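Laboratory data are not the source of any read-out in this text; all were calculated from the coordinates shown. Just so it is clear, the model here is predicted, and its values are computed rather than measured. Methodologically, a virtual Cβ is constructed for each residue, glycine included, from the backbone with ideal geometry; neighbour enumeration extends over all protein chains shown.
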Amino acid sequence: METPEILYRDGLILVVNKPAGVNVHAGPSGGPSLEDTFDALRFGLPKPPALAHRLDRDTSGCLVLGRHAKALRRLGILFSEGRAKKTYWAVVRGQPPQETGRIDFPLTKISSAEKGWRMVVAKDGEGQEAITDYRILGTSKTGLTWLELSPHTGRTHQIRVHCAQSGFPILGDPWYGTPEDRSATSEIPLHLHARAIELPLYPKKPPIRVEADVPEAMREGFTCCQQNA
């Protein structure tokens, strides 16, 4: 596996451009993962960096690594307190009713022997709080919409479930998308990209902001939406 593109590096952190279709770490069944490349990212330190957060297998974009234990502790506080500002871009089928809005559905995990696990909207008073803000960046004549999404919480599959539950599922989502996207023969990639991360890592300095370009496999989906001024 190739070493990921480095978008930012300093003494505490690395931000890499995670490719879509790669697990960030090996699951219970093992297999290749992005962590396999981390030894090449030591840059003189005695140990490789470690994940400060996660991205889904099929999501691309900004992924933050801590270069040592002190950095990971500081990053852990930022993420747990919601001070790490994450911005995602997605192409969805359909369109939200307003230019901007907030999706506020609590989520919970369910599992079955036949279908495995998945995230669903929880019943009243149950599940974990999950909040996502959205803004329309563009639309297409074919019924697609380019969204900027800002999650205030970090639940598994949060953006994917929130979009699907709201009536505008993400293009190419094999779990929560339309029957076309869930089809075993679909070749449309998940159009969800971690566009930017903003970290107030140093108290006396401006927040670090890092952006990742949309990967080639998703570019057509985004460019077919006319960007609003």
Using only DSSP helix segments of four residues or longer, with each worth -39500 (n - 2.57), what per-residue ellipticity at 222 nm results for the chain after dividing by its residue count and rounding to 500? -3500 deg cm²/dmol
Antiparallel bridge percentage (DSSP; both residues within the chain; nearest 5): 95
Among Thr100, Thr156, what is the fewest-to-most ranking by other Cβ atoms within 10 Å? Thr100, Thr156
Among all the lysines, which ones have a C-alpha under 28 Å from Lys18's C-alpha, if same-chain residues fewer than 8 places away are not counted? Lys47, Lys70, Lys85, Lys86, Lys109, Lys115, Lys205
At 20 angstrom or more along the helix axis (alpha-carbon based) and mean Kyte-Doolittle of 1.0 or higher, what helices does the chain contain? Whole DSSP H runs only. none
Within segment 1-37, what residues put their amide N at less than 13 Å from the label point 7 Å along the Cα-to-Cβ vector of Glu220? none
Could you tell me the relative contact order of segment 138-195? Use alpha-carbon pairs under 8 Å, at least six residues apart, and round to a whole percent. 20
Pick out which of Thr139, Thr37, Thr185 has the largest mean-square fluctuation in a Gaussian network model of the chain, springs linking Cα atoms closer than 10 Å. Thr185
Counting other Cβ atoms within 10 Å of each Cβ, which trypsin sites (Lys or Arg not before Pro) in segment 75-138 have at most 13 and sit in a DSSP loop? Arg83, Lys115, Lys123
Förster radius 30 Å - calculated FRET efficiency between Ser112 and His152, Cβ distance, rounded to 0.05: 0.50
So what is the relative contact order of the chain, in percent, for Cα pairs below 8 Å that sit 6 or more residues apart? 20
What trypsin sites (Lys or Arg not before Pro) in segment 147-229 are in a loop by DSSP, with at most 12 other Cβ atoms within 10 Å of the Cβ? Lys204
Counting other Cβ atoms within 10 Å, which GluC sites (Glu not before Pro) in segment 33-132 have at most 15 and lie in a DSSP loop? Glu81, Glu99, Glu114, Glu126, Glu129
Based on the alpha-carbon gyration tensor of segment 1-120 and its eigenvalue square roots a ≥ b ≥ c, which shape applies: rounded if a/c is under 1.5, prolate if not and a/b is larger than b/c, or oblate? prolate
Defining a contact as two alpha carbons under 8 Å apart and six or more residues distant in sequence, what relative contact order in percent does segment 131-229 show? 24
Segment 164-211 versus segment 56-94: alpha-carbon centroid distance in Å: 12
Taking amide H positions as placed 1.01 Å from N in the peptide plane, with prolines and chain starts having none, which residues 5 or more places from Cys224, or on another chain, fall under 5 Å of its amide H? none
Of Ala196, Ile208, Ser183, whose Cα points farthest to the positive end of the dipole of segment 157-229 (charges on the beta-carbon: +1 Lys, Arg; -1 Asp, Glu; origin at the Cα centre)? Ile208
Once a ≥ b ≥ c are taken as the square roots of the eigenvalues of the Cα gyration tensor of segment 74-195, is the result rounded (a/c under 1.5), prolate (a/b larger than b/c) or oblate (a/b not larger than b/c)? oblate
